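One structure is given below, encoded as structure tokens.
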Amino acid sequence: MGEIDKDLIYSEGVKAGKRIYYFDVKQSRNGDKYIAITESKKINEGTPENPRFTFQKHKLFLYKEDYEKFVEALNRTLGVAKGEIPVAEAAQASASAETARAEYEAQAEEPAPAVESADDKQEKKSFLDKVKDIF
């Protein structure tokens, strides 16, 4: 029997043929919640006469600062797959998001002053808190 995952808050599984997708909400040591998405695929490594099954697992971790961007991209992708959103429209929205993200990251890479005062540190912290609130 497997070890109990004490960081697990909630779990939901979706069976899809030979695969199962698990959507788990976990909590880190510092109290932040995050999502772990696991694809588990049943594989027969034996023979038809003597089957030996194993499970191949792939995990994706999604942190709170990325939830909104992830859901937006997933919704656009599903909209294209279902024929509800034209490819060009989805690509334009995705490109706009990438441009905004690149501009933000370029600003974040600007060199910091050699010595920061306590006021500078407080101002920087306040700015980061504001950015976290947006995303």
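One table, with the values for the structure above:
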{"item": "Computed FRET value (nearest 0.05) for K6 with E89, which takes r as the C-beta separation and R₀ as 30 Å", "result": "0.10"}
{"item": "Paired Rg and Dmax values of the stretch 56-106, which use every Cα atom, in angstrom", "result": "13.1, 38"}
{"item": "Virtual spin-label span in nm between K59 and A106, 7 Å along Cα→Cβ", "result": "3.7 nm"}
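The numbers here are math on the coordinates, done by the rules we state, and not lab data. Note that the structure is a prediction, hence the values are computed from the model and not measured. Neighbour counts run over all protein chains shown; Cβ positions are idealised from the backbone, glycine included.
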